[in-house]
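Trainee: Next up is a structure, given as structure tokens.
Readers should treat all values here as calculations from the given coordinates under stated rules, not as data from a laboratory. Not measured: the values here are computed from a predicted model. Note that we place each Cβ from the backbone using ideal geometry, even for glycine, and neighbour counts take in every protein chain shown.
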Amino acid sequence: MPIVSARELTKHYQVADKAPGLIGTLKHFLKRKYRTIEAVKGISFEIEPGEVVGFLGPNGAGKTTALKVLTGLVHPTAGQVEVLGYTPFKRHRDFLKQITLVMGQKQQLIWDLPAMDSLRINAAVYDIPQKEFKKRLGELREMLSLDEKELTQPVRKLSLGQRMKAEFMAAMLHQPKVLFLDEPTLGLDVNAQTAVRDFLRGYNEKHQAAILLTSHYMADITALCQRVLLIHEGKLMYDGSLNRLVDQFSPFREVKLELAAEVSSEQLKSFGEVEWVEGRMARLIIRREELTATIGRLLDQLEVKDLTITDPPIEEIISRIFSKGTVD
């Protein structure tokens with residue numbers, strides 16, 4: 001049974017349409033005009049327990065709006081949504097005790113108080129007994145590699161990485177079954193991003209929680225998600241395996257060469273598209289169906305010391321899909 005289900009989920013907003021300047025303000029005051037923004041346009045998908053799904057799309061595609069509907073913060077315009085068997089916008093207490101929403105650009109910790117105070121408040125809100133609170137606190141601190149001393153100083157004095165870890169502690173203290181994560185590694189350095197990914201992977205394996213993750217850092221997606229949803233201009237473009245997406249939309253391979261002697265780009269043109277040549281190093285773009293034959297010719301005609309074949313960066317693949325606006 002799916003733990004998250006969306007059928008023809010639609011969300012439209014009415015926003016004021018006002019001309020700039022004083023005259024525009026006066027006209028708008030006397031006669032207001034509105035326009036409709038179609039943020040989400042009839043998307044459908046299901047997520048099973050324990051599944052980690054990447055939710056990808058450019059800015060303004062409708063990702064955050066969809067997450068807000070799934071968590072009950074926003075009422076859908078049309079369609080049906082169920083999470084854990086509940087209708088999210090009804091905000092049932094048992095539903096709220098089983099989900100969490102983490103947004104990288106927003107915080108729930110009280111800025112001027114130690115993080116521990118906010119954690120104690122959360123424990124009281126979720127009716128977590130003191131003994132269980134201490135147990136969960138210890139487990140989360142260990143998983144996040146967060147020192148106890150860091151929880152006893154005001155949140156404003158923590159580094160961004162420390163603060164994000166504390167945010168995750170507050171969000172996971174009640175052991176939610178469904179995690180909605182909106183840019184959870186936004187602004188973090190490489191080490192902090194890795195720590196957050198390791199934590200989410202460990203939490204998913206231990207509790208079999210379903211995770212719906214949006215991120216502009218493709219390393220988050222490739223490290224955690226086997227399945228992705230692509231949303232563009234409010235419409236769902238793709239729902240399936242990340243590997244299949246890469247195979248389908250990456251008809252080329254990158255070939256990096258280290259040669260025994262210097263060659264010119266003219267000499268390499270017959271093997272594929274030459275991206276660059278620097279001394280004995282070169283990089284070629286070769287069509288996948290021609291790869292085997294071309295590599296054979298390279299090894300036969302040139303003295304190759306080293307050769308590496310890779311896929312193009314996944315960021316380029318996703319960007320190409322969104323610029324095209326279709327997966328057909």
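Trainee: Using amide H atoms built in the peptide plane, which far-off residues or other-chain residues are under 5 Å from K235 H to H?
Mentor: K41
Trainee: A further question follows. State to the nearest 20 debye the size of the charge dipole of the stretch 251-310 about its Cα centre, where the only charges are +1 on K and R beta carbons and -1 on D and E beta carbons.
Mentor: 140 debye
Trainee: Also, I was wondering about something else. Convert each backbone phi in the stretch 151-156 into a coupling constant with the Karplus relation 6.51 cos²θ - 1.76 cosθ + 1.60 (shift: θ = phi - 60°), then list the ³J(HN,Hα) values in order as whole Hz, x for Gly and Pro.
Mentor: In residue order, the calculated couplings are 7, 9, 10, x, 4, 5 Hz.
Trainee: Please give the calculated 222 nm ellipticity per residue for the chain, where each DSSP H segment of at least 4 residues contributes -39500 (n - 2.57) and the sum is spread over every residue; nearest 500 deg cm²/dmol?
Mentor: -10500 deg cm²/dmol
Trainee: Using alpha carbon centroids, what distance separates the stretch 1-55 and the stretch 108-125, in Å?
Mentor: 32 Å
Trainee: A follow-up question, please. State the answer as a single residue: which of T292, Q105, Q14 lies farthest towards the positive end of the charge dipole of the chain, with beta carbon charges of +1 for Lys and Arg and -1 for Asp and Glu, about the Cα centre.
Mentor: After comparing all options, I get Q14.
Trainee: Sorting V263, V53 on the 10 Å Cβ count, fewest up front, what's the list?
Mentor: V263, V53
Trainee: Further question: I'd like the orientation of helix 314-324 relative to the chain: the angle between its Cα long axis and the longest Cα principal axis, in ° from 0 to 90, rounded to 10.
Mentor: 80 degrees
Trainee: Which whole-number percent gives the relative contact order of the stretch 251-310, counting Cα pairs below 8 Å spaced six or more residues apart?
Mentor: That works out to 48 percent.
Trainee: Have a look at P88, H28, G62 and report the one farthest towards the positive end of the charge dipole of the stretch 13-96, computed about the Cα centre with Cβ charges (Lys/Arg +1, Asp/Glu -1).
Mentor: Positive-most Cα among the choices belongs to H28.
Trainee: Now, a different point. Normalized C-alpha radius of gyration of the stretch 229-302, against 2.2 N^0.38 Å?
Mentor: Cα Rg divided by the expected 2.2 N^0.38 Å: 1.49.
Trainee: As a test, work out the antiparallel percent of DSSP beta bridges whose residues both lie in the chain, rounded to the nearest 5.
Mentor: 70 percent
Trainee: If you average the sequence gap of Cα pairs under 8 Å that are 6 or more apart and divide by the length of the chain, what percent do you get for the contact order?
Mentor: Dividing the mean separation by the residue count of the chain yields 18 percent.
Trainee: If you fit an axis through the alpha-carbon atoms of helix 130-144 and take the longest principal axis of the Cα set of the chain, what angle between them do you get, 0 to 90°, nearest 10?
Mentor: In the chain, helix 130-144 runs at an angle near 20 degrees to the longest axis.
Trainee: What is the dipole size for the chain, taken about its Cα centre, with +1 at each Lys and Arg Cβ and -1 at each Asp and Glu Cβ, in debye to the nearest 20?
Mentor: 1860 debye
Trainee: Return the whole-Å distance between the Cα centroid of the stretch 281-328 and the Cα centroid of the stretch 128-148.
Mentor: Measuring centre to centre over Cα atoms gives 47 Å.
Trainee: About its Cα centre, how strong a charge dipole does the stretch 215-328 have in debye, to the nearest 20, once Lys and Arg get +1 and Asp and Glu get -1 at the Cβ?
Mentor: So the dipole magnitude of the stretch 215-328 works out to roughly 240 debye.
Trainee: Sort 246-253, 289-296 for me by packing, meaning the mean count of neighbouring Cβ atoms within 10 Å per residue, highest on top.
Mentor: Put in order of decreasing packing, that is 246-253, 289-296.
Trainee: What label, among [x] 1.29; [y] 1.08; [z] 1.25, belongs to Cα Rg over 2.2 N^0.38 Å computed from the structure on display?
Mentor: The listed entry that was calculated here is [z].
Trainee: Roughly what angle does helix 21-30 make with the longest principal axis of the chain, taking Cα atoms, 0 to 90 degrees, to the nearest 10?
Mentor: Approximately 50 degrees, to the nearest 10.
Trainee: Right, here's the next one. If I model a spin label as a point 7 Å beyond the Cα along the Cα-Cβ vector, how far apart are those points for M281 and A219 in nm?
Mentor: Going by the 7 Å Cα→Cβ label model, 2.0 nm.
Trainee: Could you tell me which of rounded, prolate or oblate describes the stretch 1-156, using a ≥ b ≥ c as the square roots of the eigenvalues of the alpha-carbon gyration tensor, with rounded for a/c under 1.5 and, failing that, prolate when a/b is larger than b/c and oblate otherwise?
Mentor: Oblate is the answer for the stretch 1-156, as a/c is 1.5 or above yet b/c matches or exceeds a/b.
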